[in-house]
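For reference, the structure discussed in these notes is given below.
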Amino acid sequence: MESAGRAATWQRAGEGDRTTRAADLSRRDVGSRAHPPEDTMRAVIRHLLTDTDPAAFAPDDPEKFVFLVQMLAGPSDGPGEESFQFEVCTPGWLLERTRREGPVNGRHQVIVEHFNWSALEIYFQRLVTRCWGSDWNEVATKLGRYGYWEFEDYTPRLETD
């Protein structure tokens, strides 16, 4: 296992000595860092909802907590919104969970060192800024890689005569 101070080296087969630092990989995200064309669909956050009051949240153990955030986002150029759900948790809570359950999947989780609602709002804003595409479905699919999209795995029912 790599130590926290050393960067892992990654190499793709067939690319010779081309290497990438793990820190560079962690900064990559869905959507490109390049500026998208002007006619590109973008998302905006309509609401951030949570099962706790952010102004009054004081977990029993500030190093071991979890709570739900529901982000309602929609296209920036029109009405509508869809739900994306995230579990915000600490490493301590995850450790406790893995000790209880064994290996767990970390999809749709935002891992924080401590509770800071302002930092979470910035995180979610940056997330939607990075997710753009040619239509809303493409944008929502990208957002769904991070939060559980209400239409994930949805397939329209085909009408039969």
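The values are calculated or read from the model by the stated rules, or taken from the named source; none is laboratory data. Note that the coordinates shown come from a computational prediction; the quantities given were computed from them, not determined experimentally. Backbone-built Cβ (ideal geometry, glycine too); neighbour counts: all protein chains shown.
Considering the stretch 130-161 alone, what residues qualify as being within 29 Å of D53 (Cβ to Cβ) and either assigned to a strand (DSSP E or B) or touching a residue at least 40 places away in the same chain (Cβ under 8 Å) (or both)?
R130, C131, A140, L143, G144, R145, Y146, G147, Y148, W149, E150, F151
Here are G14, G102: which of them is small (G, A, S), surrounded by fewer than 14 Cβ atoms within 10 Å (Cβ to Cβ) and at pLDDT 95 or above?
G102
Quick check on this structure: which one of G92, G106, G80, G102 is among the small types (G, A, S) and closer than 30 Å to E38 by Cβ?
G80
Test L127 against the stated conditions and say whether it is within 30 Å of E38 (Cα to Cα), modelled with pLDDT of 95 or more and not in a strand (DSSP E or B).
Yes: the conditions hold for L127.
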